[in-house]
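Here the structure comes first, spelled out in structure tokens, and everything after it is commentary.
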Amino acid sequence: MSRKKRKLSLYDQVTDILNTLQGKTVPSYQGLHAFWLNPEVFLNASLYGQRLIAPSEDKSSSENPVPGCCGTASESSTKETTTTTPIKSKGCCSGSDNSKDTASKQPAVTAVQQPPTTTSIGDCWPSGESGGGMSTPTAKRSDRSAIIIGLKGHYPFDGSIFPKLLWDADSDATADQIQLIANWIDADCPLTLEEEQANQKKVQHIAVNNSLQALANGEIKHTKSSHKTNKDQKDNKGLTVRKEISSLTTQELSTFREALNCMYQYTDFWQDERSFDFWARIHTNSCQHGWEQFLPWHRLYLYFFEQKLQDYNEDIALPYWSWTDYADVNKNTFNNTKYDLGILPDAYGCYLTKTGVDILKNKKDAQDKGMFSKKEISKFEEIQKNKTVFNSGLRFLKAVGIPYEIINSDNTAVWSDKIRTIYNVLKEINPLWFPNRWPGALGSPTQYPTKEDINTLLSIDNFGDFGGGPSFDHHFGSLEKVHNGMHNFSGGTNPNFPNNNPEWEKIYKKLNLPVNPQNQENPIYGWMTDNRITAFDPLFWGHHSNVDRIWARWQELHNGTPQELDGALAPWSMTVKDAMSIQKLGYTYLKDSVHYPVSSNMSIKKFSSEPSGVSSKTLDTHRKAEIKIHRVRRGNLQNAHIRVFLNSPDATIDTPTTDNDHFVEEITTFHGSCYGGPGHCNLPLDNTRTFDHRTLHHHEPRNYKIDVTDAVNRMLTNGAKDISVQMVVLGINGKPIDNALYIDGVSLNFMD
């Protein structure tokens, strides 16, 4: 039995870090030698007259105040300082402990001079949290300690006067290592676990606070959110994001599949809105095609189905299938006379899991014998181990070596027990897969849309040609024509139907089966080819989300609308006009999105992200890239410039912005002083009243969007394989600034 690893004290961790960094050779350090191994020396010694660990009390720190919340700043407001503990006052101007101090609460400007207030009103009106503008920042003990300054290589340990620490070291300290040492110093340098545990709350508080401050100073990188994209969107009061299906995280795809599997449990209950088939039948009975209601009707169809999915899990959004991403691989699968060769996103394919293999292993036939041979089971295990994904059930069967088989049941063609067992397992593993789907050619050469085709379609400048005509002049629009072809490609041709295969003519005759093109389990074509049953295939929803996305993109480029805006879109009570804006319906389309959470408890001086980790496919195929700064506080704050860079982790206030491929843009915030009473600069309360129709509150945090398409392309052209984001904050005087930028997050978004 292995022994439990002994927990190390912070001091032990500090000595381990310094030992590792220093290596085998320890310089004299002016006679101090390995000073970190002797606590008495470490805590009290100086190097070149600089205290290795600053005294716990520093009288000089009060001589240089930095700006307060309400503009009571000295000229030293541009000095770089950091905040140890942000004080969240009820209002950004209510930091004074003296309730009798009414003069400081007087407005700086009034329309009509009012008599002075003689008593404090306090802060009795409900409001949200502080809108920014925290209390005066103070320098931390670790910031004044030579060991931290030296490990960071800051002045005077930057080589200009003294060399960087450690001398002759095997390696430089990482940001995380420096942070741990700083945490130990700011926790008053406990030497034992007992000392730490006696003051556990302070130690934990210091660690959390220092980490936030290091992030706000750009000393350590902001990491990607581990949440689903739409959890982050909701937390930041953003639109629901519909992503390209291949960009869904494992968690997002799993949740989507769980919801569909749950819906399938209600299949036998025809009038239950939780049933997937209930929603498929809406298309069967009410779909609009071949005129201008095609696009708005399907937009609402997707919207209401998505709302039902969000009843299961509020973070779900319908993904879209970007056809053009698969145009190259489908060149030889569509434009020929061979069947079932088409390529779809893997998310819609069939595959095996360990659980699925176990089910198949243990499955018995009617004679209570194993349904599958050892050889077949071995193939199942191989497919599961290799994580192989197949675009159709027939391709899966071929890989396993099991012939596709049907039987005659009451004069109807149905799958044999063996095929049904396999298909049921595959469907349960991935409810996005559908057995009656053979993507590819229909038996004659045809066309698959490329990016150039879609761009040509988007160049159409009137809605009639793009989206179809009104009831009195109805006709198909150009987008619907492309949509039609992709329906046919998606469903494809069943290679094992008599009309398509002479061998199957013989099989049907032998089984004495009638040839029925609409047979439920062995039809002539895939269900995506038939507009009355197409929505029973889960691929339908990804296909139509892409149609809706292309229309939304067309709307960005053009102003045209259907002519009959008051037309009702049955079975809903909404009209064509209600379907005109995806933003008003609460969603948007992004190829992929990476979110970096930021704590608004700390003012940002520099933001530095870890690499985005988006796929090479996203980098290769995106149309546009943008940075979104989420919920920038608008309270009693100083104005600031924000300089935005890509792939420039060392960017500082001095980094040039001209002739610099990494520089993107400089934006400026516009705030103001607080002239109201206590709490006036606080954030507004969340709007939770159904019939509150007031406009956006003047202190509601705002968002910035920055187009980084050209900058991303420059990075990729120069050989970059990933993208990271940096932002440097400076005052409008061009100098470093505190207490100016409070935000909730930064996103890097890619669009098709």
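The values are calculated or read from the model by the stated rules, or taken from the named source; none is laboratory data. Not measured: the values here are computed from a predicted model. Cβ sites come from the backbone with ideal geometry, for glycine too, and all protein chains shown count toward neighbours. Surface accessibility is based on the protein's heavy atoms, side chains included, excluding ligands, DNA and RNA. Shrake-Rupley method; radii C 1.70, N 1.55, O 1.52, S 1.80 Å.
Output the residue which, of all residues in region 506-545 that are hydroxyl-bearing (Ser, Thr, Tyr) and touching a strand residue (DSSP E or B) at 6+ places or on another chain (Cβ under 7 Å), is surrounded by the most Cβ atoms within 10 Å (Cβ to Cβ). It would help to see each step written out before you state the result.
Initial filter on region 506-545 (hydroxyl-bearing (Ser, Thr, Tyr)): 508, 525, 529, 534, 545.
This time we only want the ones that are touching a strand residue (DSSP E or B) at 6+ places or on another chain (Cβ under 7 Å), so: 525, 545.
Numbers: TYR525: 22, SER545: 26.
Filtering region 506-545 for residues that are hydroxyl-bearing (Ser, Thr, Tyr) and touching a strand residue (DSSP E or B) at 6+ places or on another chain (Cβ under 7 Å), the one surrounded by the most Cβ atoms within 10 Å (Cβ to Cβ) comes out as SER545.
Of all residues in region 464-491, which are open to solvent by less than 10 Å² (accessible area, probe 1.4 Å), farther than 27 Å from ASN522 by Cα and in a helix (DSSP H, G or I)? Outline the logic, then answer.
At the first step, the residues of region 464-491 found to be open to solvent by less than 10 Å² (accessible area, probe 1.4 Å) are 466-470, 477, 479-480, 483, 486, 489-491.
Those left that are additionally farther than 27 Å from ASN522 by Cα: 466-470, 477, 479-480.
PHE466, GLY467, LEU479, GLU480, listed by residue number.
In region 706-738, which residues are surrounded by fewer than 21 Cβ atoms within 10 Å (Cβ to Cβ), more than 25 Å from GLY613 (Cβ to Cβ) and among the β-branched types (Val, Ile, Thr)?
ILE732, the sole residue that qualifies.
Would region 320-332 turn up any residue that is acidic (Asp, Glu), at pLDDT 95 or above and more than 24 Å from LYS584 (Cβ to Cβ)?
Within region 320-332, the first condition is being acidic (Asp, Glu), and the residues that meet it are 325, 328.
Pick out the ones that are also at pLDDT 95 or above and you get 325.
Narrowing the set further to residues that are more than 24 Å from LYS584 (Cβ to Cβ) leaves 325.
Yes, region 320-332 contains a residue that is acidic (Asp, Glu), at pLDDT 95 or above and more than 24 Å from LYS584 (Cβ to Cβ).
For the subset of region 209-266 comprising residues that are in contact with a His (Cβ under 9 Å, 6 or more places away or on another chain) and of a type in the set (Ser, Thr, Tyr), which member is surrounded by the most Cβ atoms within 10 Å (Cβ to Cβ)?
THR229
With more than 30 Å from ASN703 (Cα to Cα) and not in a helix (DSSP H, G or I) as the only criterion, which of HIS283, HIS289 stands out?
From the options HIS283, HIS289, the qualifying one is HIS289.
Being in contact (Cβ under 8 Å) with a residue 12 or more places away in the chain and closer than 15 Å to LYS7 by Cβ is the filter here, so list the residues in region 185-194 that pass it. Don't jump to the end; show me each part of the working.
Of the residues in region 185-194, the ones in contact (Cβ under 8 Å) with a residue 12 or more places away in the chain are 185-193.
Those that are in contact (Cβ under 8 Å) with a residue 12 or more places away in the chain and closer than 15 Å to LYS7 by Cβ: PRO190, LEU191, THR192, LEU193.
Only one of these is open to solvent by 40 Å² or more (accessible area, probe 1.4 Å) and in contact with a Pro (Cβ under 6 Å, 6 or more places away or on another chain): ASP158, ASP172, ASP176, ASP168. Name it. Step through it out loud before you land on a result.
Numbers: ASP158 fails: in contact with a Pro (Cβ under 6 Å, 6 or more places away or on another chain); ASP172 fails: in contact with a Pro (Cβ under 6 Å, 6 or more places away or on another chain); ASP176 fails: in contact with a Pro (Cβ under 6 Å, 6 or more places away or on another chain).
Only one candidate passes the filter, namely ASP168.
Looking at (1) hydroxyl-bearing (Ser, Thr, Tyr); (2) at pLDDT 95 or above; (3) within 20 Å of ASN391 (Cβ to Cβ); (4) open to solvent by 50 Å² or more (accessible area, probe 1.4 Å), which one does THR337 not meet, given that it meets all the others?
Just one mismatch for THR337, condition (2).
When region 185-208 is examined, which residues are found to be under 34 Å from the mean Cα position of the chain (by Cα) and buried (at least 16 other Cβ atoms within 10 Å of the Cβ)?
VAL203, ILE206, ALA207
Those residues that are touching an Asp or Glu at 6+ places or on another chain (Cβ under 6 Å) and either closer than 22 Å to LEU683 by Cα or at pLDDT 95 or above (or both), I need them from region 712-752; list them, please.
Filtering region 712-752 for residues touching an Asp or Glu at 6+ places or on another chain (Cβ under 6 Å) gives 714, 736, 749-750.
The answer is ARG714, ASN749, PHE750.
Taking the condition of a type in the set (A, V, I, L, M, F, W, C) and either modelled with pLDDT under 95 or within 30 Å of GLY153 (Cβ to Cβ) (or both), does LEU193 pass? Quick ask: steps written out before the conclusion?
Values: of a type in the set (A, V, I, L, M, F, W, C): yes; either modelled with pLDDT under 95 or within 30 Å of GLY153 (Cβ to Cβ) (or both): yes.
Yes.
If VAL614 meets every condition in (1) in contact with a helix residue (DSSP H, G or I) (Cβ under 7 Å, 6 or more places away or on another chain); (2) among the aliphatic types (A, V, I, L, M); (3) within 30 Å of ILE550 (Cβ to Cβ) apart from one, which number is that one?
Unmet condition: (1).
Quick check on my filter: what residues within region 494-505 are at pLDDT below 95 and in contact with a strand residue (DSSP E or B) (Cβ under 8 Å, 6 or more places away or on another chain)?
ASN500
Of all strands (runs of 3 or more DSSP E) completely enclosed by region 662-735, which ones contain at least 1 residues that are among the acidic types (Asp, Glu) and either under 18 Å from LYS628 (Cα atoms) or in contact with a helix residue (DSSP H, G or I) (Cβ under 7 Å, 6 or more places away or on another chain) (or both)? Explain how you work it out, then say what you get.
On the way: elements: 663-668, 702-707, 725-731.
So the answer is 663-668, 702-707.
Please work out which residue is farthest from the chain's Cα centre (by Cα), limiting yourself to region 303-323 and to residues that are open to solvent by 10 Å² or more (accessible area, probe 1.4 Å) and among the polar types (S, T, N, Q).
Among those that are open to solvent by 10 Å² or more (accessible area, probe 1.4 Å) and among the polar types (S, T, N, Q), it is GLN307.
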